[in-house]
1. What is the dipole size for segment 38-184, taken about its Cα centre, with +1 at each Lys and Arg Cβ and -1 at each Asp and Glu Cβ, in debye to the nearest 20?
2. Is the shape of segment 31-184 best called rounded, prolate or oblate, per the rule: a/c under 1.5 gives rounded, else a/b larger than b/c gives prolate, else oblate, with a ≥ b ≥ c the square roots of the Cα gyration tensor eigenvalues?
3. Of all the accessible heavy-atom surface of segment 120-183, with the other protein chains kept in place and a 1.4 Å probe, what percent is carbon and sulfur?
4. May I ask which residue of Gly52, Leu115, Thr100 lies farthest towards the positive end of the charge dipole of segment 41-184, with charges of +1 (Lys, Arg) and -1 (Asp, Glu) on Cβ and the Cα centre as origin?
5. In this model, which of Lys89/Lys176; Lys103/Lys157; Lys47/Lys67; Lys43/Lys70; Lys43/Lys176 are farther than 26 Å apart at the alpha-carbon?
6. Using the heavy atoms of the protein chains alone and a 1.4 angstrom probe, what is the accessible area of segment 69-157 per residue in square angstrom?
7. Excluding Glu95 itself, calculate the net charge of residues whose Cβ lies under 13 Å from the Cβ of Glu95, where each Lys or Arg counts +1 and each Asp or Glu counts -1.
Amino acid sequence: MFYSKNFFDSDAWTGVALSKTRFRYRAVAVGGTFDILHIGHQKLLAKAFELGELVFVGVTGDRLVSKLSKDHPVRTFAVRRRNLRQLLKTYGWLERARITELKDSFGPAIRRRRLEAVVVSEETRENGLRLNQLRRNRGLKPLRLYVVRMVRADDGKVVSDSRIRRGEVNPRGRLKKRVHTRIR
């Protein structure tokens, strides 16, 4: 299907009929790397799908990931998108999602007129504020900013991909039991 450059600003921008009856907003944005999908990602996405009838989910592209100075390897965009689609399907959100590759920190959210809100984590709150400044600079209405608290593991520390990769916690935030071996 071919769309004009600004098809998101027309009435047929989603391919689905939208109503304002069940949701606070017609269109919401959320983004992230979404490498190891964990309870924090689920909470962030749940807020976006609670608020928006249609949710634009930006997934950090491979080129952008390489610029983020992650302290661990990150799965490819294709794998992360596939896993995200499966998670969205599990929760019944896939039909209402539009997944897009982020080639910069803000993606299409700095230009989509029909977006009404953006969901960010405490960690990315500043990016949400910067996004709204960029929208204002372009003559667009700022988005309503929703900040989701970081999910803490059993030990009170934030659940993160890094901690999961190090084997400290599982994706649900449960501490992994360490096996101590005695050397005789």
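1. Charge dipole, segment 38-184, about its Cα centre: 280 debye, nearest 20.
2. It comes out prolate by the Cα gyration axes.
3. On segment 120-183, the fraction of accessible area on carbon and sulfur atoms equals 46 percent.
4. Positive-end residue among those listed: Thr100.
5. With Cα atoms farther than 26 Å apart: Lys89/Lys176; Lys103/Lys157; Lys47/Lys67.
6. The answer is 63 Å² per residue.
7. It works out to a net charge of +3.
The values are calculated or read from the model by the stated rules, or taken from the named source; none is laboratory data. Bear in mind the structure is a predicted one, so any value in this text is a computation, not a measurement. A quick note on method: Cβ atoms are made from the backbone with ideal geometry, for glycine too, and the neighbour counts reach across all protein chains shown. The protein model used for the area step is the full one, side chains on, heavy atoms only, and it has no ligands, DNA or RNA in it. Shrake-Rupley method; radii C 1.70, N 1.55, O 1.52, S 1.80 Å.
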